[in-house]
1. Rounded to the nearest 500 deg cm²/dmol, what is the calculated helix-only ellipticity per residue at 222 nm for the chain, with -39500 (n - 2.57) per DSSP H run of length n ≥ 4?
2. For the pair Arg119 and His7, how long in nm is the line joining their label points, each one 7 Å along Cα→Cβ?
3. So what are the ³J(HN,Hα) numbers for the range 231-242, from phi and the Karplus equation (6.51, -1.76, 1.60; θ = phi - 60°), rounded to whole Hz, Gly and Pro as x?
4. Give the percent of DSSP beta bridges with both residues in the chain that are antiparallel, rounded to the nearest 5.
5. Using a simple charge model, +1 on the beta-carbon of Lys and Arg, -1 on the beta-carbon of Asp and Glu, nothing else, what dipole does the range 1-121 show about its Cα centre, in debye to the nearest 20?
6. Taking Cα centroids, how far is the range 30-68 from the range 165-228 in Å?
7. Given Cβ point charges of +1 (Lys, Arg) and -1 (Asp, Glu) and nothing else, what value in debye, to the nearest 20, does the dipole of the range 4-258 about its Cα centre take?
8. Among Ala112, Ala216, Ala57, which one shows the highest mean-square fluctuation when the chain is modelled as a Gaussian network with alpha-carbon springs under 10 Å?
Amino acid sequence: MSPYAVHRGNGPVVLGIPHAGTWLPEPVLAQLNTHGRALADTDWHVDRLYDGLLPDATVVRANFHRYLIDANRDPSGSSLYPGQSTTALVPTTDFDGAAIWSQAPSEEDIAARLEAWHRPYHAALAAELERVRALHGVALLYECHSIRSRAPLLFEGQLPDLNVGSNSGRSCAPALELQLVETLQEQRRYSVAVNARFKGGWATRHYGQPRRGVHAIQLEITQRCYLRTEAPPWHYDEQLAEPLRELLARALAGLAALAPQLAANPE
């Protein structure tokens, strides 16, 4: 199994999808307990949600599950949210706080997974961002995420529907964040939050370097917006998803249209 899949487009937007993969090697699957084997923290069907919304976008998708190693965590192991509950480079619990391993991976296991899975995924993502930047003078990384609307380990109560993260404005030009937020707020169906509980994962923070012409932003969507239920078997609901897809298509088109302006004025 390759660590990643790439669909190459020639537009300025790169869609990063680090958490939709469900593949695990059999020995790793055997080490998970019942909670872990449920794979409850998958970004279920988020790749399907975005499929075809921006035809000329490049897509870089991790094929492996985040329980093997999380492609959106700092490879050093540093926390994204110091002082707050979050999951690690290799998670030890699910988002409910339940342990997921019957036999926890060793430090040697984690180091091997970093080399075999995390680094190749990011090498592919970095290569596509550089290719797109060479074509357009700018690359726009849009990180596609989804999560259950209630995840007790990470936050209290119910999460807003659409959660924009730009590392508190540092990972992209203000115009790009404003464009996305204004588009999302044009409707009343979904609630919107900006740089609240989710400010962007490691990819957003690592690649988002506006002065270099690489802008990054993340959208975390609650799964109740497009799944029949936020529980197994995690059915995708086409009727529920359609208005969300229409909104996301407008948002992505708006970001792509900004590329010439951002290339001329990186910040």
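1. Numbers: 9 runs with 83 residues, N = 267.
Mean residue ellipticity at 222 nm (helix-derived): -9000 deg cm²/dmol.
2. 3.0
3. 7, x, x, 6, 5, 6, 10, 4, 5, 5, 6, 4
4. Working: 12 of 33 bridges.
So the antiparallel bridges amount to about 35 percent of the total.
5. That gives the range 1-121 a dipole magnitude of about 220 debye.
6. 19
7. Details: 24 positive and 28 negative charges, 105 e Å.
It works out to roughly 500 debye.
8. Result for the chain, Cα springs under 10 Å: Ala112 fluctuates most.
Computed from the coordinates by the stated procedures, all read-outs in this text should not be read as laboratory data. Since the structure is predicted, the reported quantities are computational estimates derived from the model, not experimental observations. Every residue, glycine as well, gets a Cβ built from its backbone with ideal geometry; the counts of neighbours run over all protein chains shown.
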